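In what follows, a structure is listed as structure tokens, so that the remarks can point back to it.
The values are calculated or read from the model by the stated rules, or taken from the named source; none is laboratory data. Note that the coordinates shown come from a computational prediction; the quantities given were computed from them, not determined experimentally. Positions of Cβ are generated from backbone atoms using ideal geometry, with glycine treated the same way; all protein chains shown enter the neighbour counts.
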Amino acid sequence: MCLALLVAGAALRQIDRAHFARRRPKAADAARLIALQRARANDLTPLLLLSGQWIQITGWWMLAGHSPLLAATAAVAVAVHFRHLQEISHFAVHGVLARTARANQLLAEICAHYPLGLGPLPARRLRHVRDHHPHATLDRDPNLAELRRAGLRPHASRAAYALALVHPLTPRGIRTTVAGLAAQLRGTGAWHRTAALAAVGAAAYTAGGSPALLCGLLIPRLLLYPQLAWMSLLVEHTWFDPDHRTGTPAHIEAGRCLRLYPQSRTLAAVAATTWLPYGDIHHYAHSAHPGLRWNYLPAVERHLAPPHYTPDGLLLGTDTVARRHRQALAAAPQPETI
């Protein structure tokens, strides 16, 4: 039964992929791809995609109760699924997951935001579309402020910088995650979000007992998934040394975005199936054309000039994002003293 659920969920997810892949060019400009996207837009395949994620999560919950090794495997797998759900709902924020605005709202809230304890979708839309996209890497960008609060600040010590790279796994980061969850469960009308989280916990326990509740829900949600999302945030932009430009959106974004693993199809594929899913590895193309669904980002990326920074890795290698961020912070001017 466990394996059947994993296979069935994976199969359901491929329906959306196949639907949007029909007659998709290998490379094209954004206008052509948006026209194709609009012709393919629907409300059913996104529902099947999200349902497939939760069917697979249920399969992992069931497996978690069979042995400690399977419980550990389930913890990693469910964290990856949670990361996928976050990224799918990100495209609902941009209004391109489903055909109608109502479907985008309902699918993202019911299948991602409610069960993961994320905030209301309209609030995320304001933060992401209004505050982040036009101001990426600028002081007004809330994501940059979040990185600074985690310890990525000029002239931070080597130890402080290393801890900032794994911030969600540190005691301070865990407190931030828990506080964020708690904030969503307070206030008028928050009872339904509390009920949704309780229902997810009950489903995990029913499927696999205590191992599923611990390794299939709590550890992924509180530790592993936040770390995967944090890694994704780190590789979105050259946060601390962007090449500020004017001109077309693509030219502007090429100066403050990066493209990870440009020479390694294997590493890019691994990232795309785990911590940079649903087009997140093509974040440069998304920043230049945020109205495109993830299915079309590779095609528009091939049509764009490459960004100014194309690192080989996040942590390992000679040209890494972590090293560049560290050098940029070290080279920042010292704050003035009075």
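Taking R265 as the residue in question, decide whether it is exposed (fewer than 14 other Cβ atoms within 10 Å of the Cβ), within 21 Å of the chain's Cα centre (by Cα) and at pLDDT below 95. In short, yes. Residues of region 315-324 being surrounded by fewer than 22 Cβ atoms within 10 Å (Cβ to Cβ), touching a residue at least 40 places away in the same chain (Cβ under 8 Å) and either assigned by TED's automatic domain parsing to the domain that holds R13 or not basic (K, R) (or both), which ones? Passing the criteria: L315, A322. Select from region 23-53 the residues that are assigned to a helix (DSSP H, G or I), in contact (Cβ under 8 Å) with a residue 60 or more places away in the chain and hydrophobic (A, V, I, L, M, F, W, C) and list them in ascending order. The answer is A30, L33, I34, L36, L47, L50.
Of the numbered criteria (1) modelled with pLDDT of 95 or more; (2) among the charged types (D, E, K, R); (3) not in a helix (DSSP H, G or I), the one R83 fails is (3).
Pairing residues of region 148-164 that are not assigned by TED's automatic domain parsing to the domain that holds D241 with residues that are polar (S, T, N, Q) and at pLDDT below 95, at Cβ distances under 8 Å and at least 6 apart in sequence or on separate chains, gives P154/Q334; H155/Q334. What residue, among those in region 14-25 that are surrounded by 12 or more Cβ atoms within 10 Å (Cβ to Cβ) and in contact with a Ser or Thr (Cβ under 9 Å, 6 or more places away or on another chain), is farthest from L36 (Cα to Cα)? For region 14-25, the residue satisfying everything is I15.
Considering L126, L69, the condition of being surrounded by fewer than 20 Cβ atoms within 10 Å (Cβ to Cβ), of a type in the set (A, V, I, L, M) and either over 19 Å from the mean Cα position of the chain (by Cα) or assigned by TED's automatic domain parsing to the domain that holds E253 (or both) is satisfied by L69 alone. If you check W230, W239 for being in a loop (DSSP other than H, G, I, E, B), in contact (Cβ under 8 Å) with a residue 60 or more places away in the chain, aromatic (F, W, Y) and closer than 27 Å to N143 by Cβ, only one passes: W239.
Taking region 11-42 as the range and being under 13 Å from L97 (Cβ atoms) and of a type in the set (A, V, I, L, M, F, W, C) as the test, the residues that pass are F20, A41. Filtered by the rule that a residue be without any contact (Cβ under 8 Å) to a residue 60 or more places away in the chain and in contact with a helix residue (DSSP H, G or I) (Cβ under 7 Å, 6 or more places away or on another chain), region 55-69 gives I55, Q56, G59.
Consider region 113-123 and keep the residues that are over 27 Å from R256 (Cβ atoms) and in contact (Cβ under 8 Å) with a residue 24 or more places away in the chain. The one that is surrounded by the most Cβ atoms within 10 Å (Cβ to Cβ) is H113. Every condition in (1) aliphatic (A, V, I, L, M); (2) surrounded by fewer than 24 Cβ atoms within 10 Å (Cβ to Cβ); (3) out of contact with any Lys or Arg (no Cβ under 8 Å at 6 or more places or on another chain) holds for V93 except the one numbered (3).
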